[in-house]
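Student: Could you have a look at this structure, given as structure tokens, before my questions?
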Amino acid sequence: MADDGQGRLRTESGGAGGAAVAGGEMLLSVGLLALALLAAYRLYLRWGTRNGPGGAARQGEAAALPRMKRRDFSLEQLREFDGTRNPRILLAVNGKVFDVTKGSKFYGPEGPYGIFAGRDASRGLATFCLDKDALRDEYDDLSDLNAVQMESVREWEMQFKEKYDYVGRLLKPGEEPSEYTDEEDTKDHTKQE
């Protein structure tokens, strides 16, 4: 083998070995191109079709919903707002419930965070886990989370407060819902805008 002057190796025995290497490189390139096209196609199927006629209709339906009046929710009541039974999508973070309907491409049934729709997302957000294991079917007081995880929950809560409408509290078992006046509701919604 010797250097051909352009940084490539050539064999002394002739061109047969070089042709095999070139053929192998071409096969590798074609294989990588095929994988890239397959990945792009799968992404299109997963994300692109959501913005088609059904996705646009769902977004339009969500935009047409009136602002939700303030109220408190039990876990069972919150589950009704998962984007499948009701077009409105709610989720709870650190005991506070947010209307994330305008973020339905993320929190809707097909979205990457759709698992949190209609649920208390605190544990999943604190542990960066998007599995069903991160969700509890009963009230979760988060008492087993460490300080770093609790700080993460508080940061997520602040992000949701900045981006989405706060619509009420997540009730602990046996806790009574608060009575919200129209004035409180209006004042809070104007403060967020």
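The values are calculated or read from the model by the stated rules, or taken from the named source; none is laboratory data. Bear in mind the structure is a predicted one, so any value in this text is a computation, not a measurement. Cβ: placed from backbone, ideal geometry, glycine included. Neighbour counts: every protein chain shown. Each accessible area value is taken on the protein alone, full model and side chains, heavy atoms only, with ligands, DNA and RNA left out. Shrake-Rupley method; radii C 1.70, N 1.55, O 1.52, S 1.80 Å.
Student: Rounded to the nearest 0.05, what FRET efficiency do Ala147 and Ala64 have when you use their Cβ-Cβ distance and R0 = 35 Å?
Tutor: Given R0 = 35 Å and the Cβ-Cβ separation, E is 0.25.
Student: Select from the range 81-184 those GluC sites (Glu not before Pro) which occupy a DSSP coil region and have at most 13 other Cβ atoms within 10 Å, ordered by residue number.
Tutor: The qualifying sites are Glu138, Glu175, Glu179.
Student: Shifting gears a bit: Using only Cα atoms, figure out Rg for the range 77-143 and give it as a multiple of 2.2 N^0.38 Å.
Tutor: Compared with the compact-globule rule of thumb, the range 77-143 sits at 0.99.
Student: Moving to a separate point now. Over all directions, the average projected area of the alpha-carbon convex hull for the range 135-174 comes to how many nm²?
Tutor: Working: hull surface 14.7 nm².
Averaging across all directions leaves 3.7 nm² for the Cα convex hull.
Student: Separate question: On the accessible surface of the range 99-150, probed at 1.4 Å, how many percent belong to carbon and sulfur atoms?
Tutor: Accessible surface attributable to carbon and sulfur in the range 99-150 totals 49 percent.
Student: Calculate log10 I(q)/I(0) of the range 105-146 for q = 0.14, 0.17, 0.20 Å⁻¹, where I(q) comes from the Debye formula with a single equal point scatterer on each Cα and nothing for solvent.
Tutor: Computed log10 I(q)/I(0) values: -0.30, -0.43, -0.58.
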